[in-house]
Amino acid sequence: MAEQGPTTPPTSDPRWFILMMASRWPLAVVIAAWAVAVAAIQILRQPIPIGLPLNQPLPVRLVGGITVDQLTAPVRVQGEGPLSIEAVKALPVTGDVGVPKGVTVTQPVAIKGGVSVEGPVTVGEVTAPVSVNGSDGGPVLVGTPDGELLNVTGGVKVDSVGGKINVQLRDAAKSVLPIP
């Protein structure tokens, strides 16, 4: 007879005990997952506090247009490009408005009330009568660069001249000759 390899002796353990021993690791994994799930549910029932500095606004980058119905707090806008404001009707402004980098106006602007201007002002064209007074209610000094003309239509009153004036009259011959 051929010799057979070593055999395991029959055990006297019951089958349920062998089954329990074989399933102890899978059962441990299931119990651990259940414990982690219960702990996560308990932790996530309450909101997680996140510390944000309350004295600084959150930085926001706007892409596209924005519609604002009402501003209830002071607004400070910093950006690389110009800020364009368009409105269908007049926007009421209460308080002081400062523009540090200047303003470019591409369409006519209707102004009601007083306007204080500090610094140089460049005007391309005036299409309606304008009354201009200096800061003390006196006259305003007007100058042009050398070689440029200042065209004036209408009556002009000159009290004093602080330099040289070249005057060119249209139809000068008619203005000097007697009336026919």
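The figures follow:
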quantity: Unmet criterion (only one of (1) under 30 Å from residue 64 (Cα atoms); (2) modelled with pLDDT of 70 or more) for residue 122; calculated: (1)
quantity: Test: residue in segment 86-96 that is at pLDDT 75 or above and surrounded by 10 or more Cβ atoms within 10 Å (Cβ to Cβ); calculated: no
quantity: Subset of segment 43-66 [open to solvent by 100 Å² or more (accessible area, probe 1.4 Å), over 27 Å from residue 85 (Cα atoms) and of a type outside the set (A, V, I, L, M, F, W, C)]; calculated: 45, 46, 47, 49, 55
quantity: Of residues in segment 152-180 being modelled with pLDDT under 65 and of a type in the set (A, V, I, L, M, F, W, C), the one least open to solvent (accessible area, probe 1.4 Å); calculated: 172
quantity: Every pair of residues 6+ apart whose Cβ atoms lie under 8 Å, when the first sits in segment 131-150 and is more than 24 Å from residue 167 (Cα to Cα) while the second is in a loop (DSSP other than H, G, I, E, B) and of a type outside the set (A, V, I, L, M); calculated: 133/139
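The values are calculated or read from the model by the stated rules, or taken from the named source; none is laboratory data. In this text, all values refer to a predicted model and were calculated from it rather than measured experimentally. So basically every Cβ, Gly included, is an ideal-geometry build from the backbone, and we count neighbours across all protein chains shown. Please note that ligands, DNA and RNA were not included when accessible areas were found on the heavy atoms of the full protein model with its side chains. Shrake-Rupley method; radii C 1.70, N 1.55, O 1.52, S 1.80 Å.
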